[in-house]
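Notes follow once the structure below has been shown.
The values are calculated or read from the model by the stated rules, or taken from the named source; none is laboratory data. A quick note: this is a predicted structure, and the numbers were derived from the prediction, not measured. Ideal geometry is used to build each Cβ from the backbone, glycine not excepted, and the neighbour counts take in all protein chains shown. Side chains are part of the model used for accessible areas, which takes the heavy atoms of the whole protein and leaves out ligands, DNA and RNA. Shrake-Rupley method; radii C 1.70, N 1.55, O 1.52, S 1.80 Å.
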Amino acid sequence: MGAMTDSPNGGVSRRSFLASTGAVGALALAGCTEGPSNGGSDDGSGSSGDSGSSQLSGEINITGSSTVYPVATAVANQFQKKHSGVDISVSSTGSGGGFSNHFCVGNSDFNNASRPISEEEKQLCSDNDIEYHEINIATDALTVIVNKENDWVDCMTPDQLKQIWRADGASKWSDVDSEWPDEPISRFGAADTSGTFDYFKESILGEEANHTSNYEATEQDNLILQGVQQDQYGIGYFGFAYYVDNKSAVKALGIDNGNGCVKPSLETAKAGDYKPLSRPLFTYPQKSALAEEHVAEFARYYVEQSANSSLIADEIGYVPKTEESMQEELDALNEVIDEVQ
């Protein structure tokens, strides 16, 4: 496991989360604010206090998005501090890989996703009698990065990005703009099992164009970062949180969607100005798993922490839920829990 790196506010940086691929119990999370457990049960087993911590026990298996992985890992660590009898594993499989290989075939309790579940995945879940509940936990600003030595572009239009990332598109930077270098474009991006891939394809390429296969595809954000960092003519994309943790290594491009250049940030994503690359992030619990008290309590805690700005914004780098929107998600979750318990 990689060395743990402290973030400026005393917690653990996203780089540290991504260095781990095993059980989350091995990771320590310091300095995160613990939110109130508005949805805790009244029998002492809720997440709101330590008195019932020994009463909750069992296993929880979480798969899915690498973008949502640090949120799930942080929340799981905090929950396990309260409930040591609950063993939680979090795997970064990609949104699609999680749905297809784990969640919709009954092998995980939650699947994180950086885009909504697809129609094909819905059908796969249905075929296997898997019912689920959708929870929106945060907002991300998908970020396009280039090498720090790139001095010819600071902002791109969606059409220019489309020229670079579509199949049979531009092969050299000068193909996009004649004043740009007559040098091959080196591309680094998400694998096609990733929700980041799906969202980028839908937002930039649309239905009429395919994503190029001429790029280095990976589920590991650090490999995208390294590829662009080491190649002057490189370009890549990943979640905003990973850029925040590596601002000195690469340059983030602004997006001109017709109203001038807008840089990715928590503020522009929250305001809806960073278009079309701001996106919602989700987790999907299985309804049958929510019938178990330890899973239901973890789901409630997960939702409550989505409004924890210290964790979601300061620690990880996403836009948190408002207290009002969090409460709406919690109320909807509690209805499902009441239905299955």
*asked:* Please go through (1) assigned to a helix (DSSP H, G or I); (2) at pLDDT 95 or above; (3) more than 30 Å from SER84 (Cα to Cα) for TYR302 and return the number of the only condition it doesn't satisfy.
replied: (3)
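Do the conditions hold for SER248, that is, is it among the polar types (S, T, N, Q), surrounded by fewer than 23 Cβ atoms within 10 Å (Cβ to Cβ) and within 22 Å of ARG279 (Cα to Cα)?
no
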*For segment 320-337, which residues satisfy the criterion of being of a type in the set (S, T, N, Q), assigned to a helix (DSSP H, G or I) and open to solvent by 50 Å² or more (accessible area, probe 1.4 Å)?*
GLN327
*Only one residue in GLY317, GLY260, GLY272 is modelled with pLDDT under 95 and surrounded by fewer than 18 Cβ atoms within 10 Å (Cβ to Cβ), so which one is that?*
GLY272
*Scanning segment 202-216 for residues that are assigned to a loop (DSSP other than H, G, I, E, B) and acidic (Asp, Glu), which turns out farthest from the chain's Cα centre (by Cα)?*
GLU208
*Going through segment 178-201 one residue at a time, which ones are of a type outside the set (D, E, K, R), touching a residue at least 24 places away in the same chain (Cβ under 8 Å) and part of a loop (DSSP other than H, G, I, E, B)?*
TRP180, PRO181, ILE185, ALA191, THR193, SER194
*So which strands (runs of 3 or more DSSP E) are wholly in segment 60-177 and hold at least 3 residues that are under 30 Å from ALA249 (Cα atoms) and open to solvent by less than 50 Å² (accessible area, probe 1.4 Å)?*
135-141, 143-147
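Can you find a residue in segment 227-241 that is assigned to a helix (DSSP H, G or I), surrounded by fewer than 24 Cβ atoms within 10 Å (Cβ to Cβ) and hydrophobic (A, V, I, L, M, F, W, C)?
The answer is no, given that none of the residues of segment 227-241 is assigned to a helix (DSSP H, G or I), surrounded by fewer than 24 Cβ atoms within 10 Å (Cβ to Cβ) and hydrophobic (A, V, I, L, M, F, W, C).
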